[in-house]
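*Asks:* There's a structure below that I have some questions on.
Every number in this text was worked out from the coordinates using simple rules, so none of it is lab data. As the structure is a computational prediction, the values presented were derived from the model and not from experiment. Cβ placement follows ideal geometry from the backbone for every residue including glycine, while neighbour counts extend to all protein chains displayed.
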Amino acid sequence: METIFTSKGLKEFTCSSMHTNSKKFVWITMDSIVTKIVLNMQISRRSGQYTMNHGNGNPTLDKVSFNRSGSQDSLDELSLDDYWTEVENIKKSTDNSQEKQDVVVKEPDEGEEEEEWLKEAGLSILFGEGSADSQESMVFLATLTKTQSAAVQKRIDTVRQTLRKKNKHHQIPDVRDVFKQPAASKEKDEGLNELQSAKTSEVAQEEPQEKSEGSIPAQDLKGQSSPAEDVPLPETDINLEISFAEQASNVNEFSGVRNEKEDDTLLPNFRLPQDKTGITKIGDLAPQDMKKVTSLALIELTALYDVLTTELKLQRAAKVKVKETGVFRVPLSVLLEQDQRKVPGTKVPLILQSLISLIEKGGLYTEGVLRIPGASARVKALCQELEATFYEGTFNWDTVKQHDAASLLKFFIRELPLPLLTVEYMKAFHSVQYLPTKQHRLQALNLLVILLPDIHRDTLKALLEFLQKVVDHREQNKMTLKNVAMIMAPNLFTDHTSSIKGVDQDAVTSAARTANIMLFMIKYQKLLWTIPKFLIAQVRQHNIVSQKKNVKEKAVKKLLKRMAYDREKSEKAEKSLADNDKPQGFIRVQAPQFSKVSMAVQLTEDLKAGDILARFLNQESGSSMTLTREEVSLYEIGGNIGERCLEDTTYMKDLSQLNPRAEWVIKPKHKE
């Protein structure tokens, strides 16, 4: 038994360990002082041994040592203090309040998970559903990369074997037929394969370089301290042109085992390389294209995990009874419906917006704004008052203290009946830390963010942007990136918080792992909301093949052809006039919101989308035009894309060559 003197007096505690050979131990929860005990955790950096002392009335002391792993070293071990302090604060705040209802997770039967996966990936046709979309599904399959096809084939094989065991006569297409390329798509597939093969050698060189940048220097292996988070590190480009899974499969050095020498205290400055055709952010695409991106992202994520030999488990939440009114402990989808009735177009819950706005007004300069909890009695009273008066507009925000507001914000996130990261993908977010390199983890997080439902994704974006502002003011509030990650992780990863006492749960390792995921999401959030270029290329390819099939179908249908005759004749006449006014090397830009609704623009090597916007806005400078540069964007519409909002740095000549049949329209931006 070991004695520790704390500010609250003398405490005795011990540690009970098990599975020493596998370097795991069990956390034994005590009373409210348990976190203070953990704050005195003894850590020996030289030996890599961790000695933890807990009190459970057992007069034994076990020293538990285990290898330094990426999930532990990702954050300074001493900063785990903030994590366990937050866990203890959460425990205190829920002792005398309504307990959060646990979400019941439905365990799938054998083969059921793979069948659900195929349906989620938009391949319902494989099970006799959506027969009207059979051609569309076959076109979709023809756009897949080699690793994506392997991921689909693996799930099909599993389902077929399961059905055979159950003696079910359920017709599933043969794999060879599933991936047989339609004749119309072969040409486009060859183009995509050429693009990927041209980049293969690049990928094989880039990945080992990323590993070498992240490896622990010799002096660090001897126990010397690692660089602080503010130390500038070399920038590393993220390759978005080639499938992530294809990149991983082409790295010969990859062995499927975590690189133990990679130092996760070094966080590279990952950046997006310049793309002349423009970077696409989530929200820039039309819904029909975004739906295709989501299906492709699920297949790509699964293919990446397959290549990296890491298990990807998706879950299903059983239906549970939830609140249908109020502001706390209400599902995000229900909140959004309530809020949109009050403020049309709302995408992020109004209560979260209000709490963030209040903290940003003064709390960003408040020391320990997220670390120091508000008074539990006040927070509980505020919670009850907000439930009663928030939508009436009578709540007085001026009386709310900053620490209380921060506690309410964390309470809101933590007590969502369906987690912010969703039941379906919560385990997938957890498993990110098992991937071998930081680049793989970032790629997986990128795909997971794309997969989140809109309301969950938009809410997460608002939260991460707020947390970054807290970090930006760390000189005043003393909240570093590591502090914020440690404090927010127990609130975001609610499943982890509730399972700390689990027999098979290594609490310290899991704490560092989830905090590291939180840290990645805050630091690299701008990258996470980017749609990889290879997914956009697959969507374009899909649209081209689909359009060709649609043209053939229309040619067969005489009635539609007759109805379209007059319109086509009129369009040809207009096109002929436009072509006379638009010589080769020009594009015509439409601007229905402006006084000059159309303009022929000459394409030059350095012409950007922002330059075109500037021309229209300059012509409107003397008019009563109310739209500003921040409110409008140039859109790429039609051709091989549904609709895409262009960033100002997009080179128009390169994009027009990629999509020669597109129309170019200036209009107000989609509200975020």
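*Asks:* Could you work out the relative contact order of the range 367-413, using alpha carbon pairs under 8 angstrom and six or more residues apart, expressed as a whole percent? Could the numbers behind the result be given before it?
*Replies:* Working: 26 pairs, mean separation 28.4, N = 47.
Once normalised by length, the contact order is 60 percent.
*Asks:* For residue 146 and residue 548, compute 0.36 nm times the residue count separating them, minus their Cα-Cα distance, and round to one decimal in nm. Walk me through the intermediate numbers first.
*Replies:* Working: separation 402, 0.36 × 402 = 144.72 nm, distance 2.38 nm.
Taking residue 146 through residue 548 to full extension adds about 142.3 nm, to one decimal.
*Asks:* Further, regarding this structure: If each of residue 398 and residue 333 carries a label point 7 Å out from its Cα toward its Cβ, how far apart are those two points in nm?
*Replies:* Using points 7 Å along Cα→Cβ, the separation is 4.1 nm.
*Asks:* Going by the alpha-carbon gyration tensor, a ≥ b ≥ c the square roots of its eigenvalues, is the range 350-425 rounded (a/c under 1.5) or, if a/c is not under 1.5, prolate (a/b greater than b/c) versus oblate? Walk me through the numbers before you get to the answer.
*Replies:* Working: a/c = 1.64, a/b = 1.19, b/c = 1.38.
Note, shape of the range 350-425 comes out oblate.
*Asks:* Roughly what would the spin-label model give for residue 657 and residue 320, points 7 Å off Cα along C-beta, in nm?
*Replies:* Modelled inter-label distance: 5.5 nm.
*Asks:* A follow-up question, please. Residue 649 label point, 7 Å along Cα→Cβ, cut-off 16 Å on backbone N: hits in the range 520-546?
*Replies:* 525-533
*Asks:* Once you order the gyration tensor axes a ≥ b ≥ c over the Cα atoms, which shape class does the range 397-490 get: rounded for a/c under 1.5, otherwise prolate or oblate by comparing a/b with b/c? Kindly include the intermediate steps, with their values, before the conclusion.
*Replies:* Working: a/c = 2.28, a/b = 1.44, b/c = 1.58.
It comes out oblate by the Cα gyration axes.
*Asks:* OK, next. For residue 313 paired with residue 628, estimate the spin-label separation in nm (one decimal), with each label point 7 Å from Cα along the Cα-to-Cβ line.
*Replies:* 5.0 nm
*Asks:* Next up: Calculate, for residue 381 and residue 637, the FRET efficiency according to 1/(1 + (r/R0)^6) with r their C-beta to C-beta distance and R0 56 Å; round to the nearest 0.05.
*Replies:* Details: r = 52 Å, r/R0 = 0.93.
FRET efficiency, residue 381 to residue 637: 0.60.
*Asks:* In the structure displayed, which of 461/667; 319/342; 380/401 lie more than 20 Å apart, Cα to Cα?
*Replies:* Working: 461/667 24 Å; 319/342 28 Å; 380/401 13 Å.
In this structure, 461/667; 319/342 exceed 20 Å between Cα atoms.
*Asks:* Now a separate question. Calculated FRET efficiency, residue 343 and residue 602, Cβ-Cβ r, R0 56 Å, to nearest 0.05? Spell out each step's value before the answer.
*Replies:* On the way: r = 43 Å, r/R0 = 0.77.
For R0 = 56 Å, the calculated efficiency reads 0.85.
*Asks:* Shape verdict for the range 344-390, please, from the Cα gyration tensor: rounded (a/c under 1.5), prolate (a/b greater than b/c) or oblate. Working shown, then result.
*Replies:* On the way: a/c = 2.90, a/b = 1.21, b/c = 2.40.
In terms of gyration-tensor shape, oblate.
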